[in-house]
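The values are calculated or read from the model by the stated rules, or taken from the named source; none is laboratory data. Computed from a prediction, not measured in an experiment: that's the story for all the values here. Cβ coordinates were reconstructed from backbone atoms using ideal geometry, including for glycine residues, and neighbour counts include every protein chain displayed. Only protein heavy atoms, including side chains, enter the accessible area calculation; ligands, DNA and RNA are left aside. Shrake-Rupley method; radii C 1.70, N 1.55, O 1.52, S 1.80 Å.
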Amino acid sequence: PGGFTGRDGVVGVWYGKAPGLDRSTDASRHANLGGASPTGGVLALVGDESVTSEQEHYRLVSLRQHSETGERPHAAVVFAAGGVEHSAESDGNGPVDASLKAIESQLATGAELVLYSVNAITSGSTESQGEVTVRLQHGGRVVNGVGADPDIVVASAKAYLAALNKLQSKAERVAAQG
């Protein structure tokens, strides 16, 4: 019958750490191209080094930003680090830059921003939910953080803090083992 290759099923498995995680869907694509039963399907299990809310060291509390034509954007951010609230303000090249600089001014992590990406989760209206991915590099490690919010500046701060949580989570595990 149409397209059946005579195989009962094909399984493809790929495991890797970010940023290679994006390639994990290749395993499913190759399995599907290899042929499977017309009544079969594809099961994809994709994961990343996750941080649960119990392990969440950094959390956004509030963000206020001001941007006006001809003026330098300014942001005021309140975030929790280890249960202690911190307030920071900064100017930047744009509202996102100002917000991330404000956070970094308090934490001084030294993490390098190597990727910043914005995507619409929903489409078809101006009320779309935005998803921001931030990739940070520090000490030979590369981690991704994702944040979602109707406000791209808020989503950006959430993504940045999510990436810092992953860096912090790994640092705590290494210290506990060392």
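Using the structure shown, decide if residue 132 is over 16 Å from residue 57 (Cα atoms), touching a Leu at 6+ places or on another chain (Cβ under 7 Å) and surrounded by 15 or more Cβ atoms within 10 Å (Cβ to Cβ). Steps first, please.
Values: over 16 Å from residue 57 (Cα atoms): yes; touching a Leu at 6+ places or on another chain (Cβ under 7 Å): no; surrounded by 15 or more Cβ atoms within 10 Å (Cβ to Cβ): yes.
Against the criterion (over 16 Å from residue 57 (Cα atoms), touching a Leu at 6+ places or on another chain (Cβ under 7 Å) and surrounded by 15 or more Cβ atoms within 10 Å (Cβ to Cβ)), residue 132 does not qualify.
Do we find that residue 99 is in a helix (DSSP H, G or I) and in contact with a Leu (Cβ under 8 Å, 6 or more places away or on another chain) in this structure?
On the way: in a helix (DSSP H, G or I): yes; in contact with a Leu (Cβ under 8 Å, 6 or more places away or on another chain): yes.
Yes.
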**OP:** Identify all residues within the range 91-119 that are over 15 Å from residue 76 (Cα atoms), loosely packed, with under 15 Cβ neighbours inside 10 Å, in contact with a strand residue (DSSP E or B) (Cβ under 7 Å, 6 or more places away or on another chain) and not polar (S, T, N, Q); write none if there are none.
**Re:** 110, 112, 113, 114, 115, 118
**OP:** Among the numbered conditions (1) open to solvent by less than 50 Å² (accessible area, probe 1.4 Å); (2) modelled with pLDDT of 95 or more; (3) more than 14 Å from residue 157 (Cα to Cα), tell me where residue 88 comes up short.
**Re:** (3)
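So that you can scan it fast, the table gives a plain yes or no per residue for (1) touching a Gly at 6+ places or on another chain (Cβ under 6 Å); (2) over 18 Å from residue 167 (Cβ atoms); (3) small (Gly, Ala, Ser):
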{"position": "92", "(1), (2), (3)": "no, yes, yes"}
{"position": "103", "(1), (2), (3)": "no, no, no"}
{"position": "127", "(1), (2), (3)": "no, yes, no"}
{"position": "130", "(1), (2), (3)": "no, yes, yes"}
{"position": "136", "(1), (2), (3)": "no, no, no"}
